[in-house]
Amino acid sequence: VLAMLTIVITLAMYYLLMGKNHVKKRKRLAADLKIAQEKVHFLEEKLNLLQTEEILDPSGNKRQIRIFMDGAFDMMHYGHMNAFRLARSLGTYLIVGVNSDQSITQCKGKPLMNDDERLTMVRGCKFVDEVVPECPYVMNEEYLAYIIKEYKVDYVIHGDDPCIVDGKDVYESAKKAGKYQSIPRTEGVSTTDIVGRMLLMNKDHHC
């Protein structure tokens, strides 16, 4: 009986110690796999776009690959910068539409920073070649057609996270037009997260 009890205790201790380690290892591997899959997806998108770089304009010269992306870009952070960097790497000229205060307020609530502040921050990024002000948060087909024609856009870029407003995919019209490509979202940072951190720090400070 004592020997059996010893075996049971040994197995229980092994499970408690090693089982937790295995769970942690599985979680780390799952996280690493997700990052690797995102990198592969991005490289596949980049390869597809690179195949178009040799397209010539009517004069016989290799033309620019013009990329368009839009967003609120409220409280600019390194996730935004990384999105600009990735989008710019998919072409030769990056155009960024900055959503208007009014359209952001209608779709997700009033932004912390106003139009002029957000436009100034985006213009200051070295990866951005041109800025389009007062871009609507939800682009309809008419607006997208205008952007593509006016700015000679080849591809509309957005992160691979869903962007749904009122049950509608914000980039549905771009996808229908065959002009949509995605880039991996930078994990672990968002304006909402930063605001949450600030509120927690303020609460702890005054406790």
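A single member of M139, M121 is under 14 Å from C107 (Cβ atoms), among the aliphatic types (A, V, I, L, M) and not in a strand (DSSP E or B), and it is M139.
Residues being at pLDDT 90 or above, of a type in the set (V, I, T) and open to solvent by 20 Å² or more (accessible area, probe 1.4 Å) are represented in the stretch 88-109 by at least one member. With respect to the conditions (1) under 13 Å from A72 (Cα atoms); (2) within 18 Å of the chain's Cα centre (by Cα), D116 falls short on a single one, namely (2). Return yes or no: is K179 under 24 Å from I65 (Cβ atoms), open to solvent by 70 Å² or more (accessible area, probe 1.4 Å) and modelled with pLDDT of 80 or more? No; evaluated as a whole, the condition is false for this residue. I'd like the residue in the stretch 129-169 that is open to solvent by 30 Å² or more (accessible area, probe 1.4 Å) and aliphatic (A, V, I, L, M) and, out of all such residues, is nearest to S103 (Cα to Cα). Out of the qualifying residues, it is V138. Residues in the stretch 187-207 that are part of a loop (DSSP other than H, G, I, E, B), more than 16 Å from G79 (Cα to Cα) and at pLDDT 70 or above: there are none.
The values are calculated or read from the model by the stated rules, or taken from the named source; none is laboratory data. No experiment lies behind these values; they were computed from the predicted model shown. All Cβ positions, glycine included, derive from the backbone under ideal geometry; neighbour counts span all protein chains shown. What goes into the accessible areas is simple: the full protein's heavy atoms, side chains included, and nothing from ligands, DNA or RNA. Shrake-Rupley method; radii C 1.70, N 1.55, O 1.52, S 1.80 Å.
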